[in-house]
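The structure under discussion appears below in the form of structure tokens.
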Amino acid sequence: MGPALALAPALSLSLSLGPGAPRAMSRAMSRAAQAREIFGAAVGAVQPDAVVRRSLERQGERLLVGGRSYTLRENLHLVGFGKAVLGMAAAAERIVGDHLVQGVISVPLGIQEALRQDGKGEMLLGAGSRIRALEGARHNLPDAAAQEAARAIRALAGGLTDRDLLLVLISGGGSALLPSPVPPVTLEEKQGLTRMLAARGATIQELNTVRKALSLLKGGGLARCAHPAQVVSLILSDVIGDPLDLIASGPTVPGPARPEASRAILERYGLWASLPRSVRDVLESQQQQEEEEGGPGRVHNVLIGSNTLALEAAARRAQELGFRPVVVSPGVCGDVRAVARLYATLARFAREARGPGGPPPGLAAAVLELAPQVGVAAGDLRRALQAAEGGGPGLCLLAGGEPTVELRGGGRGGRNQELALRVGLELGQGAAFLSGGTDGQDGPTDAAGAVADAQLAREARAQGLDPEGFLRDNDSFTFFSRLSGGRRLLRTGLTGTNVMDVHVLLLPAS
């Protein structure tokens, strides 16, 4: 029997303006400003301190989480790893108080200073905290510092007894922050393999499948290490569909290593033959292990936040701004070029549908044909098409997920900026599109994404910029930095959270 899964109670989503916000204010805002407002509401709904406070409840000497109750007797230990874990840990320590014995968290390099400079003190550990925050994983890749943090986490978990309770905090970015390769695989070999897979466009699910097969702590390894202690995990999902075994590679979700799945992925991307001997030896020698767990009820996984919750908040903000919101899907994936075609074709369909002649034959079919390429159900796209055909107020199509970019050039950018650029080149008058990473980072840049509208192509021509050339070089950041003084870039700073990306497509009223 696998570890228990619970979904935390629905979150109360905070919005930047109340439901009585005057419509005159929304009309006065530009489309780009409205898109930014909607994105801000999405990010605000999944702030780490807020989701933890709504998931953990202290009642005297009892800790309530995910429908279960645990006895507190100065027996609580804490570990965590991920981009949102610093804020999660700070909130958790404030709740459990002196019952916390010790803690170790692995967080991104520089996040403490960045949050401090941004005035986000509520996400920082307090003075005298019993939690050690260890930074690593530069550029979201496993490194020696992250490996040291993983060793410290493993040592803490391995020293627990049956009277102890281990609270595990997990969020996006956790895989890179918890590297613990199976010997004789080295960190450098595993790091190189991760880079090669990412460069070939591997999905987060594929990356985590391979990482799990080569790790001592992933795939339930942390839960096994903590036995016989009770384990409770609070999970902020950054994976499409919220599969707990793939979020940060499932360190508290015991299960088979599935080396055959890893081999299939590596062969699919043409990497198997060039792998280091150590990696091939580990994958070839692994046997399907029977699922291990620490006894009935010893592991409890609680999903506390996801892209779906972010999109719900975005929809509420869009409605306050006078739009008719439609959440298309929280699971958009696939090559960024196919995803851009989807949004551009939806925008064209809406424009034509609200015109005098209606949409041309075959345009709706062109949208539906993209469904399998972008991970969206055909039924969800039909719903978006029906909404686009209706009259009335402007339409706000919302989606989330994590498209992939095949790197062909040497420029700077990320999937959100590239997606915004590709869609922006196709938009009609009055439409706008935003794509942003909820963690505030898009590739190796200081932007979370970008906002585009129908004026993008005209402004680029006026400045002598060739958008197609920048796209060929995967250089969307440079393009947006040069275009109109960089005003279209979405710069939020580190948000302290991570539930994949949010896409906002605003279409004018009929």
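The values are calculated or read from the model by the stated rules, or taken from the named source; none is laboratory data. Every value quoted in this text rests on a predicted model; they were computed, and no experiment measured them. Backbone-built Cβ (ideal geometry, glycine too); neighbour counts: all protein chains shown. Quick note on the areas: whole protein, heavy atoms, side chains included, nothing else; ligands and nucleic acids left out. Shrake-Rupley method; radii C 1.70, N 1.55, O 1.52, S 1.80 Å.
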Dividing the mean separation of Cα pairs under 8 Å (6+ apart) by the residue count of segment 153-312 yields a relative contact order in percent of 31
Computed over segment 342-392, the relative contact order (Cα-Cα under 8 Å, seq sep at least six) in percent reads 43
By the mean-Cβ-within-10 Å protection proxy, highest first, 75-83, 139-147 rank as 75-83, 139-147
In debye to the nearest 20, the charge dipole size for the chain, taken about the Cα centre with +1 at each Lys and Arg Cβ and -1 at each Asp and Glu Cβ, equals 900
With the charge dipole of the chain built from beta-carbon charges (+1 for Lys and Arg, -1 for Asp and Glu) about the Cα centre, the Cα from Leu207, Val423, Gly221 projecting farthest to the positive end belongs to Val423
For the chain, dividing by residue count, accessible area per residue (probe 1.4 Å) in Å² works out to 38
Between the Cα axis of helix 307-320 and the main Cα principal axis of the chain, the angle (0 to 90°, nearest 10) is 40
Taking 177-189, 39-51 and ranking on average Cβ neighbours within 10 Å, highest first, one gets 39-51, 177-189
Here the FRET efficiency for Ala365 versus Glu148, based on Cβ atoms and R0 = 45 Å and rounded to 0.05, is 0.25
A student applying the Cα gyration tensor rule (rounded when a/c is under 1.5; otherwise prolate if a/b is larger than b/c, oblate if not) would label the chain prolate
Note to self, the chain gives a 222 nm [θ] from helices alone (DSSP H runs n ≥ 4, -39500 (n - 2.57) apiece, / all residues, nearest 500) of -11000 deg cm²/dmol
Here, Arg54 and Gln112, labelled 7 Å along Cα→Cβ, have an inter-label distance in nm of 2.9
Here the relative contact order (percent) of the chain, from C-alpha pairs under 8 Å and at least 6 apart, is 17
Given 319-332, 343-356, the highest-first ranking by average Cβ count within 10 Å works out to 319-332, 343-356
Whole-Å distance linking the alpha carbon centroid of segment 109-126 with that of segment 466-510 is 25
For the chain, the percent of accessible surface on carbon and sulfur atoms (probe 1.4 angstrom, ligands and nucleic acids excluded) is 50
Pseudo-spin-label distance Arg458 to Glu267, built 7 Å along Cα→Cβ, given in nm, is 5.5
Net charge near Ala32 (other residues with Cβ under 11 Å of its Cβ; Lys, Arg +1; Asp, Glu -1) is +2
Quick note, segment 303-405: a/c under 1.5 would make it rounded; otherwise a/b > b/c is prolate and the rest oblate (a ≥ b ≥ c, C-alpha gyration tensor); here it is oblate
Checked segment 331-378 against the a/c 1.5 cut and the a/b vs b/c comparison, axes a ≥ b ≥ c from its Cα gyration tensor; verdict prolate
Partner aspartates and glutamates whose C-alpha sits under 18 Å from that of Lys190, ignoring same-chain residues fewer than 8 away, are Asp143, Glu148, Glu206, Glu260, Glu267, Asp281, Glu284
Whole-Å distance linking the alpha carbon centroid of segment 384-402 with that of segment 166-205 is 36
